[in-house]
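Laboratory data are not the source of any read-out in this text; all were calculated from the coordinates shown. In this text the structure is predicted, and so the values were computed from the model without any measurement. Virtual Cβ from ideal backbone geometry, glycine too; neighbours counted across all protein chains shown.
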Amino acid sequence: MSAQERTTARRDADRPREREVLRQWWAQFSLSITLAVVIIWSWTGSDIDLGKLARSGGRIVDFLSRMIPPDLSVLPVVVESSAETLRIAILGTCGCIVFSVVFGLLAAETLTPWWVNRPIKALLAVIRGIPLILVAMLMVGAVGLGPLPGILAIAFHATGMLAKFYAEAIEGVDPAPMEALDSTGATFLQKLRFGAWPQMAPNIVRDTLFRFELNLRESLILGIVGAGGIGFYIQTYVRAFQYEKVATLTIVVVLFVVLIELANSAIRALMR
């Protein structure tokens, strides 16, 4: 082959690569332009006034000054309502885990036919689309005030997300270990325990802990609609302009979230 023929062959070989590079460049450029247009559209339609924001500093300081010093006389209420909030988050998470295991198995494309997993995935999407406050209001209307409607609302609403995560974890299982165990005559439970679970466990634990943290935060606001917990007392004291008591409850909420995050980090470290 002559030098000219080799040069021509190299050019022909490089053309698909150049087209692929050009295609990727145009895709990234189009995405950047789209994001810029979306951000500009959001900014222009949000009535953002930077001058108004700058002048709001004094009012923010005045509002915060009303919360100082925190009123520690509400500590008995804080302890009781915090325990109720924690119970709502724990029981709501347990409920959504049970439902998520069932729906996660049904929604996994590797376990069920399309006419089963696709409707289940659509149902989970509908559940995720219903606002938690609306679910809580429905539960309050159905079973009355107290922690029970909060537990039911958390269990229902969280299932939409957690079941989706469980299904994705199941779909990501490598079939090779399962096939190896099957060749040795392992039972279904043995294949699930020693072949699938070690692959799924890190994702399952991570997603469950993340969902529990979200459930705890969401349970803090359920009191607004009478679903119990510390959120009920926060909105009660805000309406009564008792901001010192609100400050105490806010501090407890922040401590709650920090402690849960530390506990989640410790559990994830043990799972590694």
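Note on region 157-272: Kirkwood radius taken over Cα pairs, Stokes-Einstein applied at 4 °C and 1.567 mPa s, translational D equal to 76 µm² s⁻¹. Taking the number of Cβ atoms within 10 Å of each Cβ as an exposure proxy, the fewest-first ranking of Ile68, Ile133 is Ile68, Ile133. Each distinct pair of alpha carbons in the chain adds a 1/r term; the inverse of their mean, the Kirkwood radius, is 23.4 Å.
Compared with the dominant principal axis of the Cα atoms in the chain, helix 114-129 is inclined by about 40°. Here the alpha carbons of region 22-175 define both size measures, Rg and Dmax, at 23.2, 67 Å.
Centre-to-centre, using Cα atoms only, region 23-44 and region 54-129 are separated by 33 Å.
Listed by chain and number, the lysines whose alpha-carbon sits under 28 Å from that of Lys191, ignoring those within fewer than 8 places in the same chain, are Lys121, Lys164.
The stretch between Val21 and Val101, if pulled fully straight at 0.36 nm per residue, gains 24.5 nm over its current Cα-Cα span. Can you tell me the 0 to 90 degree angle between the C-alpha axis of helix 197-219 and the longest principal axis of the chain, rounded to 10? Taking Cα atoms only, the helix is inclined about 30 degrees. In the chain, the longest principal axis of the Cα atoms and the axis of helix 147-171 are about 10 degrees apart.
When peptides 111-123, 157-169 are ranked by their average number of other Cβ atoms within 10 Å per residue, the highest-first order is 157-169, 111-123.
Using alpha carbons only, the radius of gyration of region 119-172 set against its Kirkwood radius gives Rg/Rh = 1.08. Rounded to the nearest Hz, the phi-derived 3J(HN,Hα) couplings of region 241-250 under the Karplus curve 6.51 cos²θ - 1.76 cosθ + 1.60 (θ = phi - 60°) are 6, 9, 5, 5, 6, 4, 4, 4, 5, 5, where x marks glycine and proline.
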